[in-house]
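The values are calculated or read from the model by the stated rules, or taken from the named source; none is laboratory data. Just so it is clear, the structure is predicted and the values come from calculations on it, not from any experiment. Because the Cβ atoms are built from the backbone with ideal geometry, glycine has one as well, and the counts that use them run over all protein chains shown. SASA here: full protein model, heavy atoms, side chains in, ligands and nucleic acids out. Shrake-Rupley method; radii C 1.70, N 1.55, O 1.52, S 1.80 Å.
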Amino acid sequence: MKTVLKLEDITMQFGGVVAVNNLSMHVDEGEIVSLIGPNGAGKTTVFNVITGVYEATNGRVSFEENPMLENFPKGKMKTLYAGENAGVYTATMVKTPDKITEMGIARTFQNIRLFKSMTVLENVVTAMHLRRKSNFFTATFMLDRAERKKFVEKAEALLKEVDLFDLKDELATSLPYGKQRRLEIARALATEPKLLLLDEPAAGMNPQETEDLTKFIHSIRDKFGLTIFLIEHHMNLVMDISDRIYVIDFGKQIAEGTPAEIQDNQKVIDAYLGVADNE
């Protein structure tokens, strides 16, 4: 099976604080893989490293089996470094978030970040500009009408796929919370990703909305041929949707396995799901 995402010895250190420590994991093509752990465990930091928001202190990230990001401790960090495998990596390979998105990695955020003054349709069309062929000259003189029309048609088709077409002319922020989440995912899909990162997509949702979201994530994985890597605190969603689960605590991996294996893992029970009562 093809590995879409691979993290090797990723360490993210802020000054003297090691937020992620020597983390290695992989996500294979077509999988839905979850990353769980207590608040402050370093989950969103992992996503920020993958998407180029943070430059990892040490380690390598590969996408579709090709190195994408790489770094090692240097300068003052060479002295401060408190992580592991300091001498393994010798290259510096940095890509900005926009370049990583162009490669085929899209993400959503824990806090919804829609364009508030735009309609549902405009939010999706704006995301499609990443794939535009027009330039400053053609846009200035309105020579890109055909491309703009194509984007609108593709955006409308996408909104039909995610059951938001009837709301296309509504302001994004006027949508109910669950539909705003769905729109944020649709906007990510508009960038034509191969790998979709979802950061707590069920945050703030009620049980019915969470159930609907579970079905929605399954459906977009199948419809769009996606690989999905998600952070989530709703254990019912995680256990229902995941092919595999990684668990981190204080920035270090403490478990990896199927939902059944994770549910029975005592380290996970103690660190995240709650300490079992003594009988």
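To the nearest 10 degrees, how steep is helix 177-189 against the longest Cα principal axis of the chain, on a 0 to 90 scale?
It is inclined by approximately 90 degrees.
Write down the accessible area per residue of the chain in Å², having rolled a 1.4 Å probe over the full set of protein chains.
So the chain comes to 49 Å² accessible per residue, rounded to a whole number.
Taking the alpha carbon gyration tensor of the chain, what are the square roots of 5 times its eigenvalues, largest first, to the nearest whole Å?
Ellipsoid half-lengths, sorted descending, are 33, 25, 15 Å.
Under a cut-off of 17 Å between alpha-carbon atoms, report the lysines in cross-link reach of Lys154, not counting same-chain residues fewer than 8 places apart.
Lys133, Lys168, Lys223
Can you tell me the 0 to 90 degree angle between the C-alpha axis of helix 145-161 and the longest principal axis of the chain, rounded to 10?
60 degrees
Suppose only helical runs count, i.e. DSSP H with n ≥ 4. What mean residue ellipticity at 222 nm does that imply for the chain under -39500 (n - 2.57) per run, divided by all residues and rounded to the nearest 500 deg cm²/dmol?
Only helices count here, giving -9500 deg cm²/dmol.
Rounded to a whole number, what % of the accessible area of segment 6-134 do carbon and sulfur atoms account for, probe 1.4 Å?
Its accessible area is 51 percent carbon and sulfur atoms.
Of the cross-linked pairs Lys116/Lys194; Lys116/Lys252; Lys179/Lys267, which ones have a Cα-Cα span greater than 32 Å in the structure shown?
Pairs exceeding 32 Å: Lys116/Lys252; Lys179/Lys267.
Filter the chymotrypsin sites (Phe, Trp or Tyr not before Pro) in segment 141-238 down to the DSSP loop ones having no more than 12 other Cβ atoms within 10 Å, then list what survives.
Here the chymotrypsin sites (Phe, Trp or Tyr not before Pro) that fit, given the DSSP loop and packing criteria, are Phe141.
Whole-Hz ³J(HN,Hα) for each residue in segment 61-76, computed from phi via Karplus 6.51 cos²θ - 1.76 cosθ + 1.60 with θ = phi - 60°, x for glycine and proline: what do you get?
Couplings: 10, 10, 10, 6, 6, 10, x, 10, 9, 7, 7, 8, x, 8, x, 4 Hz.
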